[in-house]
1. Cross-link candidates for Lys71: which lysines have Cα within less than 20 Å, leaving aside residues fewer than 8 places away along the same chain?
2. At 0.36 nm per residue, and after removing the present C-alpha to C-alpha distance, how many nm does the segment from Ala201 to Glu129 gain when stretched out fully?
3. Place the peptides 130-143, 104-117 in order of packing, highest mean first, counting for every residue the other Cβ atoms within 10 Å and averaging per peptide.
4. Among all the lysines, which ones have a C-alpha under 16 Å from Lys94's C-alpha, if same-chain residues fewer than 8 places away are not counted?
5. Scan segment 34-63 for trypsin sites (Lys or Arg not before Pro) in coil per DSSP, keeping those whose Cβ has at most 16 other Cβ atoms within 10 Å, and list them by number.
6. If you take the C-alpha gyration tensor of the chain, multiply each eigenvalue by 5 and take the square root, what semi-axes do you get, largest first, in whole Å?
7. Taking just the alpha carbons, could you work out the radius of gyration and Dmax for segment 110-179, both in angstroms?
8. Can you tell me the convex hull volume per residue for segment 1-104, based on C-alpha atoms, in Å³ to the nearest whole number?
Amino acid sequence: MTQTEASVVTTTVHPNGVAEIVVDNPPVNALPVAGWFAIADQVRAAGADPQVRVVVLRAEGRGFNAGVDIKEMQRTDGFTALLGANKGCYESFKAVYECAVPVIAAVNGFCLGGGIGLIGNADVIVASEDATFGLPEVDRGALGAATHLSRLVPQHKMRAMVYTSATVTAAELLHFGSVHSVVPKDELRTAALELAEQIAAKDPTVIRAAKACLNGIDLWDVNRSYRYEQGYTFELNLTGVSDRIRDEFA
């Protein structure tokens, strides 16, 4: 077993070829700029490792991900933190999607904002019974990750969720077919690792080819689509409305 660590993200490579990447940034796993880039770097490194056959991306604590660290953004002058968060989210979502091996997202508790970007680009999602999913971006003066929410819920449901900041449960996503399975919270890690072990047992050359093949037949370019969304977030910040809404939230 090998282990690497950077910032709030830790990677453990198990002997069976499963790379377990864990995010742990209390209290709610809202990630600073460095955290998003750490996910990107470690997911890419796992995919580039010939010993790795599948990645499990999960989190410790109260929830899987609460999006960007708004407090970091508010205490940073100018647009430096905003640009960093935009680039970090883009790179981490892209790394998950383009990882050379399948990525299983194991989601506990809340999965909000940037968390939707991560799991929407994953290959398979396993969720705990308490998991909820949503994009509260309009309540934060931002937009983004509707691209990835569209991969989880039907189109009109996605629009209603964006406009209202409503959330859905793991059971609802299981109904839509976007979640592989829903398990008790204390069984989530085991369920994700067992599924990963099934994939890791397959021929690694075939599995890597399958990942590339499935990305190649995708219906739209998720990287370009998300980058388009980010442009509107930057426009909202230029108007000043985003600062006002974030100040009220913070």
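1. Reachable lysines: Lys87.
2. Working: separation 72, 0.36 × 72 = 25.92 nm, distance 2.74 nm.
Going from the current span to full extension adds 23.2 nm.
3. Order by mean packing, descending: 104-117, 130-143.
4. Within the straight-line cut-off, Lys94 pairs with Lys211.
5. Numbers: sites: Arg44, Arg53, Arg58, Arg62; in loops: Arg53, Arg62.
Within segment 34-63, the qualifying trypsin sites (Lys or Arg not before Pro) (loop, at most 16 other Cβ atoms within 10 Å) are Arg62.
6. Gyration-tensor ellipsoid for the chain: 28, 19, 17 Å.
7. 10.8, 31
8. 83 Å³
FYI, it's all coordinate maths here, none of it is from the lab. In this text the structure is predicted, and so the values were computed from the model without any measurement. As a convention, Cβ positions derive from the backbone with ideal geometry for all residues, glycine included, and neighbour counts pool all protein chains shown.
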